[in-house]
Structures are given as C-alpha cells and as structure tokens.
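Everything on this sheet refers to the single structure shown next.
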Amino acid sequence: MKTADIVKQESDYILQTYTRPEFVLERGNGMYLFDLDGNRYLDFVSGLAVNAFGYGDYDILKAIEEQASQLMHVSNLYHTVPSSMLAEKLVKISFADRVFFCNSGTEAWEAALKFCRKWGNSSSGGTKNRFIAMNNSFHGRTYGSVSTTGQPKYHQGFEPLLPGVDFADFNDLASVEKLVTAETCAVLVEPLQGEGGIHVASDDFLQGLRSLCDDREILLVFDEIQVGLGRTGSLWAHQQYGVEPDIMTLAKALGGGLPIGATLVSQKVADAVQKSDHAATFGANPVASAVALTVVDKLMADGFIEAIADKGAHLRARLEKLQQRWPEKISEIRGRGLIAGAVVTGKSPAEYLDAFRERKILVAPCGEDIVRFLPPLIVEKDQIDETIDVFDEILRQD
C-alpha cells in the first residue's frame, strides 16, 4: 500500500486521538527510521524515550527470538524464568525490595497509587489516603494517573476525577508542606518533569521531600518512566540527588521497544500488599521480560551510562550556544543528559517539527513552546552536531 492509502485507512478506522504527520514509517535501523517512500530520518524521539538502543539491535532481537520460540505468554498465574530473573536484577540495582510487573507506564503508576493507599489505610485504620502531586506533572491518561497529573488540559471533559489529590508547586517545598495533613499517604513527583516542560528538580526540593516524608511518615513516590534507566546520565534520575524513594515507576526504555511497566517498592510498602490486591494479565510477559533483562545488561555495561552523561553534556552545550546566537528565538534550554528542550518563541513547536522533518530529522514537541530532543541512548556526538546544525539552519531561515 502507498502512503496516501495508509493515511486514509488510519483516518477511516482508528479513533482520532492523535494528530500525525502524513508519512508512514516502515522500518528502522540503528539511529534511523525509514518511511514507505524510502526517506531516511535521523531519530531524536526514540519512540518517546522507549527505543534506548535504537532499531534492530542484535541483542534485543536475539532475546525476542529465543524467548518467543520457547514461551510467549502464560499469564501471571504461573512462574516463569525471565520475570523472576528481571525482578532480582532490578532489586539489586535499585533501592527496592520487591517489583510488580505490568504493561506500561500508566499501569505502573496506577499500581503505585493503589499500593500507597493500601499502605496508608492499613497503617491508619483507613484515614491516611490523600496524595500530594505536583502542578505541571504528567503521569498518564488512565483515571488515577490523569487525576494525579497537574495539568488541567488533560482533565477537561473527564470529570469527576479521582478524589483525594492535592497539588503543590514543583520545586517549592513550602507549598508541599502546607498541604500535608494526617490524611496524606504519599507525595508524588518526577525528578525531572518530562511532558510538563522538562523541568529539573532542585537538590533542595527532592532532599527536602525525603526529609518531610520521613518526619511525617509519608511515602515518597518517584515517576521515572521517562527519565529513568540512564536517560539523565545516571541509571536512576534520583541518584543525582542522594535520595531514594519508597516507590518508583518504570516503563518506556525498560522494554527496548516492547510494552512493559514495573513498580518498584520498599519492603515496608510490600508488607501492606496482600495476594489478590492487584494483578495484570500480561504483567511479567516472558518475551518482554527477556528483552528487559537484555536492556538492563546493556545499560550496565562498563562505561555506557558515563557515555550518556558525556553526550548529554555535549547536547546541552550545543543547544546553549544556539540560544546565545538566537536569544530572540530560544529563551531557555532545559534538561539533563539525553532529554533536552529548547523553549522557542515566535513559532509553535509544531512548525519547527515540520521544518526538521523536511530536513529528515525527527524531534518531538513538549507543551506549548518546547522543541524536545530525546535521541536513543546510542546516539553519537556527530549525530547530535548534525541535528543542532540543522536547528541552526532552521532558525537562520526563519
């Protein structure tokens, strides 16, 4: 089928919840994607931080082939080898004592919310069950996750939302402290707000939240769905702050392109969760778990994450130089590691995306005014240079 046929088919049969450009991606290789018309695109989106190792990675394809030929699915009613091995590995490289597996980031977040309330209600006789979430946050589109997302535009038309959620300001510890009551069971936060505008948490904020939660016997929950697993230049984004959460949610990069989510919890949270309290039919899928094992092993290879930090510093330096050259068009550079955003003025991010795509580079929007750069973690510095040089050309011709 031709591009026009697929675009029409999509518009005729798929529920129109997305606005997509009118080209059709067919295959990928390394850092590049190819459409039906034979065009090659340098990918600085990586499936929204999912394809950490790009496309066609040999080890990931081998893990899929070997596990799929043995066992694809049996449900979580039974033990399987990959899920058990993956759980042990995640526990050993994190703060956590236990892991719950599901299929996506929003499902991992829903599990976290349930575990928080189960812990709070169990420890208080049913009175400790309110959340403090952050304005400008993003945690997903299901009811619990959207109810704890601090962006009203995602709430419109879906009210009433989940009750018991209070919103504080990101990087404003005093605003959190004002909301804490005897009913508060958890503080919910992204160490780096991704969809909310690529805002990096301050050291004082995250460290202050940890102290506050310890003092008031409240759980601290980190959403690292987009920013965990190396994206910010450390395995976990929170490691750069010297703090640990009680619960952390993961997804995206963990599956290397396959759907998987994970909710990591400390033992005190695990002690409150009983059998049949939560479930996921496809959770701990053997194929997805086998791939996740491969992803984690590749991330933990000597020097890999250090290289992410180095490439991230290079990306930021190039963007900052661009801002200095075009201060009337770029007002700010945000981010850490290989998640970066340029706050643009005068034109919408969509217009810049179109200009990049015309030059065969894919980037992503973020909010109303940010061009976001989320390359696969295997990106090379010359590919960063190519992308920023193209950005410079677009700005110069604007």
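Whole-Hz Karplus values for the stretch 289-300 come out as 5, 5, 5, 4, 4, 5, 4, 5, 4, 5, 4, 7 Hz, taken residue by residue from phi with 6.51 cos²θ - 1.76 cosθ + 1.60 and θ = phi - 60°; glycine and proline positions read x. Does anyone have the angle between helix 203-216 and the longest principal axis of the chain? Alpha-carbon axes, 0 to 90°, nearest 10? That works out to roughly 20 degrees.
Which angle from 0 to 90°, rounded to the nearest 10, does the C-alpha axis of helix 349-358 make with the longest principal axis of the chain? Roughly 50 degrees between the two axes. If you run the Gaussian network model on the chain, springs between alpha carbon atoms under 10 Å, then out of Gly150, Gly125, Gly233 the most flexible one is Gly125. Just name one of Asn121, Val165, Cys102: the one whose Cα is farthest towards the positive end of the charge dipole of the stretch 59-299 (beta-carbon charges, Lys/Arg +1, Asp/Glu -1). The residue sitting most towards the positive pole is Cys102.
Highest GNM mean-square fluctuation among Ser175, Ser104, Ser11, for the chain modelled with Cα contacts below 10 Å: Ser11. Which one of Val7, Leu377, Phe282 has its Cα pushed farthest toward the positive end of the charge dipole of the chain, where Lys and Arg give +1 and Asp and Glu give -1 at the Cβ? Result: Phe282. Each label was represented as a point 7 Å from its Cα along the Cα-to-Cβ direction; for Ala279 and Leu25 these points are 3.5 nm apart. With respect to the chain, whose longest principal axis is taken over its alpha-carbon atoms, helix 381-397 is tilted by about 70°. Aspartates and glutamates within cross-link reach of Lys89: Cα-Cα under 13 Å, excluding same-chain residues under 8 positions apart? Within the straight-line limit of under 13 Å, Lys89 reaches these aspartates and glutamates: Asp97, Asp297. Relative contact order of the stretch 117-247, taken over Cα pairs closer than 8 Å and 6 or more residues apart, is 22 percent.
Between the stretch 52-105 and the stretch 182-214, how many Å separate their Cα centres? Between the Cα centre of the stretch 52-105 and that of the stretch 182-214, the gap is 29 Å. Projecting the Cα atoms of His238, Ser83, Val343 onto the charge dipole of the chain (Cβ charges, centred on the Cα centre) puts Ser83 farthest toward the positive pole. Evaluated with a Cβ-only charge set (Lys, Arg +1; Asp, Glu -1), the stretch 127-238 carries a dipole of roughly 300 debye about its Cα centre, given to the nearest 20.
Label zone of Asp5 (point 7 Å out along Cα→Cβ, amide N under 19 Å): in the stretch 20-50 this covers 22-27, 35-39. Loop-located GluC sites (Glu not before Pro) in the stretch 272-337 (DSSP state not H, G, I, E or B) with no more than 11 neighbouring Cβ atoms inside 10 Å: Glu328. Loop-resident trypsin sites (Lys or Arg not before Pro) (DSSP state other than H, G, I, E or B) in the stretch 231-318 with no more than 13 further Cβ atoms inside 10 Å of their Cβ: Lys275. Overall, the chain carries a charge dipole of about 460 debye about its Cα centre when +1 sits on the Cβ of Lys and Arg and -1 on the Cβ of Asp and Glu, all other atoms neutral.
No lab work stands behind these numbers, since they all come straight from the coordinates. Source: prediction; values computed, not measured. Note that each Cβ is placed from the backbone with ideal geometry, even for glycine, and that neighbours are counted across all protein chains shown.
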